[in-house]
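One structure is given below, encoded as structure tokens.
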Amino acid sequence: MTPSVRATSLRLPVLLAGFILAATPGLAQAQAASSTGVRLFNTQCKTCHGDKSTPAGPTLTGVVGAPIAGRKDYAYSAGLKAKGGTWTDASLDAYLAKPMAFAPGTRMMVAVPDANSRAAIVAYIKTLK
Ligand code: HEC
């Protein structure tokens with residue numbers, strides 16, 4: 001096989017895959033968002049937020065819709081406990097943007113400055129079971 005023949009035979013499946021993704025923008029977008037969310041969560045959150053609460057951080061399984069600082073198996077800071085309310089898309093976004101501004105005295109120092117990254121992380125957290 002000459003190199004040019006090989007290149008042509010590779011190009012067709014790639015073009016087809018591209019066409020299928022382009023034809024279903026919603027699906028492509030959702031997949032892009034979730035793979036970004038997994039990657040960001042695994043690299044920026046998971047060391048402290050694994051599937052079980054540890055002294056490093058509470059587990060985030062089921063956190064969307066749950067009370068802020070509401071887990072019985074984690075000793076939260078007074079700052080986060082004083083906040084009250086429920087974790088929603090909006091409150092998670094605000095906390096991740098500026099943890100110390102959202103809940104002065106919180107022990108979580110990690111912020112996610114990029115809004116798209118925050119949205120992808122929150123979307124991924126919702127899938128944790
Ligand atoms: C260096 C460790 C560390 C990292 C990394 C970290 N966190 Fe945290 N996180 C904490 C700690 C500690 C708390 C408890 C804060 C407190 O009690 O004030 C917390 C609390 C939280 C809470 C509140 C949970 C609840 O039950 O009320 C959320 C939500 C959260 N983190 C999300 C994230 C996300 C999303 C990331 C990744 C972008 C992340 N955290 C990265 C340490 C970390």
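All of the numbers you see were taken from the coordinates with simple rules; none came from a lab. Treat the numbers as computed from the prediction; the structure is a model and nothing was measured. With ideal geometry, Cβ positions are generated from the backbone for all residues, glycine too; neighbour counts draw on all protein chains shown.
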Within the set of other residues whose C-beta is less than 12 Å from the C-beta of residue 57, count the net charge using Lys and Arg as +1 and Asp and Glu as -1.
+2
Cross-link reach list, aspartates and glutamates versus residue 52, counting only Cα pairs under 15 Å and skipping chain neighbours closer than eight places
73
In the stretch 60-91, whose amide N lies under 16 Å from the spot 7 Å out along Cα-to-Cβ of residue 107? List them in ranges.
60, 69-83
If the reach is capped at under 17 angstrom between alpha carbons, list the lysines near residue 83, excluding any in the same chain fewer than eight residues apart.
72, 98
